[in-house]
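Below you'll find the structure, written out as structure tokens, and then a few comments.
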Amino acid sequence: MKYFISKEVKLDFESAEKKVLEELGKQGFGILTQIDIQEKLKEKLDVNFRKYKILGACNPPYAYKALQLEDQIGLMLPCNIVLQEHVSGIVEVSAVDPIASMLAVENPNLESIAKEIKAKLELVIKSV
């Protein structure tokens, strides 16, 4: 099973990031964390790496519902969104597939939440 939703976009990296943030907001997501992998690898290992950011997105009402159903679900939160610029210059935007990640959690009550979040993330990726 594919564990992510992905799309190559015809935008530069910064424009793609701006559009992702805008589309996430439209679907009720906020950003809890941002990790600039390019920056961190330079800082920690003094290596050059392509543009690569991980955004930790959260939809609070859905996170709250999931936490009520499964107290350890925080281990699977937030929903990660990855923006990366490949060597070819093409920018790819990807999101975790919450249905795939929920397979590890043996709680069938989470299935409907995972399906709803997946639909929202698919709209985000499609709209970028």
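Residues that are closer than 24 Å to ASP71 by Cβ and either free of Cβ contacts under 8 Å to residues at least 12 places away in the same chain or in contact with a Phe, Trp or Tyr (Cβ under 9 Å, 6 or more places away or on another chain) (or both) within the range 115-128 comprise GLU116, ILE117, LYS120, LEU121, listed in sequence order. Is it the case that some residue within the range 90-98 is modelled with pLDDT under 95, surrounded by 18 or more Cβ atoms within 10 Å (Cβ to Cβ), among the hydrophobic types (A, V, I, L, M, F, W, C) and closer than 24 Å to LYS126 by Cα? Within the range 90-98, none of the residues are modelled with pLDDT under 95, surrounded by 18 or more Cβ atoms within 10 Å (Cβ to Cβ), among the hydrophobic types (A, V, I, L, M, F, W, C) and closer than 24 Å to LYS126 by Cα. Checked against (1) under 12 Å from the mean Cα position of the chain (by Cα); (2) outside any strand (DSSP E or B), GLY74 meets all criteria but (1).
None of ILE35, ILE125, ILE90, ILE113 is β-branched (Val, Ile, Thr) and under 18 Å from LYS2 (Cα atoms) except ILE125.
When the criteria are applied in full, ASN107 fails the requirement of being closer than 18 Å to LEU32 by Cα and polar (S, T, N, Q). The C-beta contact set for the range 1-30 (first residue free of Cβ contacts under 8 Å to residues at least 60 places away in the same chain, second residue in a loop (DSSP other than H, G, I, E, B) and aromatic (Phe, Trp, Tyr), distance under 7 angstrom, 6+ apart or interchain) is empty.
Candidates are the residues of the range 72-113 that are of a type in the set (Gly, Ala, Ser) and in contact with a Ser or Thr (Cβ under 8 Å, 6 or more places away or on another chain); the one that is farthest from PHE49 (Cα to Cα) is ALA95. Taking the range 1-67 and the strands (runs of 3 or more DSSP E) fully enclosed by it, the elements with 2 or more residues that are aliphatic (A, V, I, L, M) and under 15 Å from the mean Cα position of the chain (by Cα) are at 30-36, 52-58.
The values are calculated or read from the model by the stated rules, or taken from the named source; none is laboratory data. Nothing here was measured: the structure is a model prediction, and the numbers come from that model. All Cβ positions, even for glycine, are placed from backbone atoms using ideal geometry, and neighbour counts span all protein chains on display.
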